[in-house]
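In what follows, a single structure is set out as structure tokens and then discussed.
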Amino acid sequence: MKKGTLKLGLFSMILLGIVSCQNKEKEMADKRISELESYVDSLKTVDEMAMNDNWDQIASDYDKKSTSAEDALSVLNEKEKTSGQEKLDSYNADYNEMKASVEEKKEAVTPAIVAESSPNQRLRDRLFGAGKIGDDMSFVWVNKDNILKTYETFFQSYKDNKEDFSREDYDEIKLMYEALDNRKNTVEKEGLTSDDNNKIASIKLKFGPMFKVNRMGAKSRETAEAKE
């Protein structure tokens with residue numbers, strides 16, 4: 001009787017140990033899947049420009065989290081593994097959609113990068129970032145989330161380099177600025193916040209008079225140099 005009780009107790013301990021191990025494995029898998037879900041959700045709040053600029057790091061982080069989740073799933077039973085895999089497939093689909101969008105935009109700016117040797121392209125790169133603007137002066141990549149940053153980047157770069165601009169440069173800057181303003185008119189209808197709109201208005205208020213004076217100065221300087 002005692003031997004039977006001892007064997008039963010030993011069996012119960014082994015069974016409890018197995019169940020406990022399985023529960024821990026399930027908890028670990030749920031944790032890894034939850035971490036991946038949170039990461040994908042956080043990517044959905046990142047603005048387009050920041051995502052494009054930091055995509056290599058984003059892709060690396062996602063691969064690590066995805067691999068970790070898949071490894072945790074591999075030790076579960078078939079039912080739990082299937083349930084977890086369905087979630088992973090959903091997050092992978094969201095991620096691949098973002099990846100496709102980033103790659104599409106990289107391909108779209110290739111013509112601008114190829115043309116970077118031209119003086120006008122170098123000017124565009126200096127004011128807005130390498131490959132952002134090409135000969136078509138397209139600002140379709142500007143949206144309600146990054147338009148304020150675009151104006152800020154443009155204005156700061158303009159102030160930093162205005163002493164080096166020629167009269168031709170100012171003519172090109174005028175065209176770029178007008179194209180950006182046209183894009184702003186569209187973005188305003190797509191949910192641009194009043195706070196961002198006010199900050200952009202402040203930048204425009206500072207830039208307008210500054211540009212007029214600087215442009216006149218460049219023309220006068222080149223005229224004087226031509227007479228020498």
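Quick notes on this one:
- So residue 204, is it at pLDDT 90 or above, surrounded by 11 or more Cβ atoms within 10 Å (Cβ to Cβ) and either basic (Lys, Arg) or over 22 Å from the mean Cα position of the chain (by Cα) (or both): yes
- Filter result for residue 34 (at pLDDT below 75 and either under 48 Å from the mean Cα position of the chain (by Cα) or within 30 Å of residue 105 (Cβ to Cβ) (or both)): no
- Residue among 189, 159 that alone is closer than 22 Å to residue 45 by Cα and either surrounded by fewer than 16 Cβ atoms within 10 Å (Cβ to Cβ) or not polar (S, T, N, Q) (or both): 189
- Selection status of residue 47, in contact (Cβ under 8 Å) with a residue 60 or more places away in the chain, out of contact with any Phe, Trp or Tyr (no Cβ under 9 Å at 6 or more places or on another chain) and closer than 21 Å to residue 145 by Cβ: yes
- Count of residues meeting criterion [open to solvent by 30 Å² or more (accessible area, probe 1.4 Å) and either in contact with a Ser or Thr (Cβ under 6 Å, 6 or more places away or on another chain) or more than 15 Å from residue 205 (Cβ to Cβ) (or both)] in segment 144-156: 5
- Hits in segment 120-131 - residues which are open to solvent by 40 Å² or more (accessible area, probe 1.4 Å) and closer than 14 Å to residue 154 by Cα: 122, 126, 130
The values are calculated or read from the model by the stated rules, or taken from the named source; none is laboratory data. Worth saying up front: this structure is predicted, and the values here are computed from it rather than measured. No Cβ is skipped: glycine too gets one built from the backbone with ideal geometry, and neighbour counts run over all protein chains shown. Ligands, DNA and RNA are excluded from the accessible area calculation, which covers all protein heavy atoms including side chains. Shrake-Rupley method; radii C 1.70, N 1.55, O 1.52, S 1.80 Å.
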